[in-house]
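The structure appears right after this line, and notes come after that.
The values are calculated or read from the model by the stated rules, or taken from the named source; none is laboratory data. Model, not experiment: these values are computed from the prediction. Cβ sites come from the backbone with ideal geometry, for glycine too, and all protein chains shown count toward neighbours. These area figures cover heavy atoms from the full protein model, side chains too; ligands, DNA and RNA do not enter into them. Shrake-Rupley method; radii C 1.70, N 1.55, O 1.52, S 1.80 Å.
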Amino acid sequence: MSLPRSTDAARGAAAPTELPDADTVVAHTLLNCLLREVSGPEHQTAASDGHLLLRLPRRGVLLRVALRRTSLLGAHRFTGPVHEQREGDWERIDWRRLAEYVQDELSLRTGVRNEEFLDQIASSHGAITAGLAAAPLPVRPDARTPGRATATPDPSLSSEQSLLFGHRFHPTPKARDGDAASWLAYAPEAGAAFPLRRLAVRAELIAEESTDPAATAPLDRLGEGVPDGYRPLPAHPWQFEMLLRDHPSLREALDRGDILDLGRAGTPFAATASVRTLYDGDTFLKFSLNVRITNCLRKNARYELTGAVALTRLLEPVLDALTTRFPGSAVLREPAYRSLALPGPDGTPDRALLEGFGVIVREGLSARLLPGTTPLLAGAVADEYPSGPAHISRLLDGAGPTTVVAWWDAYLKLLVPPVLAAYFDHGLVLEPHLQNVLVCVDDDAMPAQVLFRDLEGTKLLPEHHADTLAALPAEVADAMTYDAERGWDRVAYCLFVNHIAEMLAALADLHPETEPALWARGRATLQTYADLHGRPPRLAALLAGVPLPAKANLLTRWERKADREAGYVRLPSPLAEDVLPDAIDHPWSPAR
């Protein structure tokens, strides 16, 4: 069975105006993963009477869900419960039964079992449930009482804290270690803002690197009460408690006075979408968290600490050149880190504590933001559901198709060229997925700038940067390198599948008939760039309609691979001109 690329279900379907419950979200997310990575590639799907039929070939189960809207990329919108065919009838099943079927199918497919898989899905379900119950209205972190929303809403922070459901093509998008009581106080979904744990560390036990002495100022500002001979080291309160519990050497250092615990004090920092990156209205601090969130243990590895500063230093001329060339874009730099270098039994810094206390300084928004613009998390704008005030349905509030297509056209011209220029001209692999990009809108809610962030996912192509990489420690150089093929898959996935396709889907929800025109504008933007820059073979291939790479999150999670080792599945591309005939000559389709 194969699903037609367009059906009548795409016509007239209203965008959702209310939030779903956790049961629905988890079930639909699992179906998304199956459709993209398992049943779809094996041609075990079809559309029938406004429903998606999806078969698990090895488990021998036929599933059905109603289609709210179909997608040219196959990233369809579902509505209502999932049903299983039994003896000719359709029987409703819950998310637990569906998860068990997924586990069975993958066990039969791979010959191995993943005993933690169901628990992680349950964890994600629990986090979504807790987030729906706890979500307040976020406010500026410098104007709130810790734990309470009492002041003027901050649109940027509201967008950071509105991702209640997470990645809709990941089987466990909200999975976290521990129960809700242990993490809810630090969760962005709950509007968390809290003072940092402030430590004073003997100067000789501090590890840090910076691009210049001023780069550590955001950390040094937290030094009130730090005595002479000591340096301030902020810690995430949750992380501090975990490290204190698990590391006797840390407790001994506190007893000796090598480290002074000054308690939780100072301006509250608010949790952003990544959970471990906190913001005080001026600077972002990216902490380690020894907690598995989604797929990975969220700690700053030693090579990532050094790598963030090294990339900021090495890429300064490249990033400046990109901003000059594309003034509607900029990258937030990460100019410093600081951590604890407490000697272990062998006399070298204890790696677990060095990484566990590592905190990376990231520039605040004011360093790069264009005047008169409001930065909003792209993931919040593109969410399937209107979970926050930054959602596209609220930004464009009742706008007609012409405005929707014009908004999209402006956005593409800001987003696409700098990402492609970084790769083709500078050998720089940006990672512009929805959580790494801020959409900066003007007073009319039109896109005026995009900001890219998080250098952890930024990589270099060795053929462009051989001398630079050779000068770095091997561990650091290896971590910041992709070969050209893997680098292109990452760029193409993040830009076209994770970002453009999802933002386009949110716009198409407002006016489903515009989807072909929206893809046509994507093609036109790509074509313009390609024609101006010698039509590189990779771009020529995209314009010819080669399949798009989509990260295989389900299979990666099942196989317990690191994100860097994730594989890709290939999706039929809507960028080819011959799949977009309906986009031509509509009155609301801007001229090509």
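Within the option set R338, R394, R368, being closer than 23 Å to T458 by Cβ, among the charged types (D, E, K, R) and surrounded by fewer than 22 Cβ atoms within 10 Å (Cβ to Cβ) holds for one residue only, R368. For segment 473-532, filtering for residues that are under 27 Å from P401 (Cβ atoms) and either outside any helix (DSSP H, G or I) or touching a residue at least 60 places away in the same chain (Cβ under 8 Å) (or both) leaves 32.
For segment 251-263, indicate whether the set of residues that are over 17 Å from A185 (Cβ atoms), assigned to a helix (DSSP H, G or I) and of a type outside the set (D, E, K, R) is non-empty. Show your work before the answer.
To start, the set of residues in segment 251-263 that are over 17 Å from A185 (Cβ atoms) comprises 251-262.
Narrowing the set further to residues that are assigned to a helix (DSSP H, G or I) leaves 251-256.
Subset that is of a type outside the set (D, E, K, R): 253-254.
Yes; the residues of segment 251-263 include at least one that is over 17 Å from A185 (Cβ atoms), assigned to a helix (DSSP H, G or I) and of a type outside the set (D, E, K, R).
A422 falls short on exactly one of the conditions (1) part of a helix (DSSP H, G or I); (2) open to solvent by 10 Å² or more (accessible area, probe 1.4 Å), and that condition is (2).
Among the residues that make up segment 438-454, is at least one of them part of a helix (DSSP H, G or I) and either modelled with pLDDT of 95 or more or open to solvent by 10 Å² or more (accessible area, probe 1.4 Å) (or both)? No: zero hits. For the condition buried (at least 20 other Cβ atoms within 10 Å of the Cβ) and either in contact with a strand residue (DSSP E or B) (Cβ under 6 Å, 6 or more places away or on another chain) or at pLDDT below 95 (or both), L63 qualifies. Taken over segment 273-311, residues that are more than 28 Å from L472 (Cα to Cα) and either touching a Phe, Trp or Tyr at 6+ places or on another chain (Cβ under 8 Å) or without any contact (Cβ under 8 Å) to a residue 60 or more places away in the chain (or both) amount to 5. Taken over segment 334-364, residues that are assigned to a loop (DSSP other than H, G, I, E, B) and free of Cβ contacts under 8 Å to residues at least 60 places away in the same chain amount to 4. All conditions in (1) assigned to a strand (DSSP E or B); (2) surrounded by fewer than 24 Cβ atoms within 10 Å (Cβ to Cβ) hold for K413, with the sole exception of (1). Going by what's in this entry, would S387 be described as touching a Phe, Trp or Tyr at 6+ places or on another chain (Cβ under 6 Å) and either assigned to a loop (DSSP other than H, G, I, E, B) or not hydrophobic (A, V, I, L, M, F, W, C) (or both)? The answer is no for S387.
Name the pairs: first residue in segment 191-208 and farther than 13 Å from G223 by Cα and buried (at least 21 other Cβ atoms within 10 Å of the Cβ), second residue modelled with pLDDT of 95 or more and among the hydrophobic types (A, V, I, L, M, F, W, C), Cβ to Cβ under 6 Å, at least 6 apart or on different chains? Listed by first residue and then by second, the contacts come to A192/A271; A193/A270.
Checking each residue in segment 371-384 for being within 30 Å of T324 (Cβ to Cβ), in a loop (DSSP other than H, G, I, E, B) and open to solvent by 10 Å² or more (accessible area, probe 1.4 Å) picks out P371, G372, T373. Residues in segment 66-90 that are buried (at least 20 other Cβ atoms within 10 Å of the Cβ) and in contact with a His (Cβ under 9 Å, 6 or more places away or on another chain) were compared, and the one that is nearest to L575 (Cα to Cα) is T70.
Against the condition more than 30 Å from P371 (Cα to Cα), surrounded by fewer than 21 Cβ atoms within 10 Å (Cβ to Cβ) and not β-branched (V, I, T), how does R313 come out, does it pass? Step through it out loud before you land on a result.
Working: more than 30 Å from P371 (Cα to Cα): no; surrounded by fewer than 21 Cβ atoms within 10 Å (Cβ to Cβ): yes; not β-branched (V, I, T): yes.
Considered against the rule, which asks whether it is more than 30 Å from P371 (Cα to Cα), surrounded by fewer than 21 Cβ atoms within 10 Å (Cβ to Cβ) and not β-branched (V, I, T), R313 comes out as no.
Within segment 552-561, the presence of a residue that is open to solvent by 20 Å² or more (accessible area, probe 1.4 Å), outside any helix (DSSP H, G or I) and modelled with pLDDT of 95 or more is excluded.
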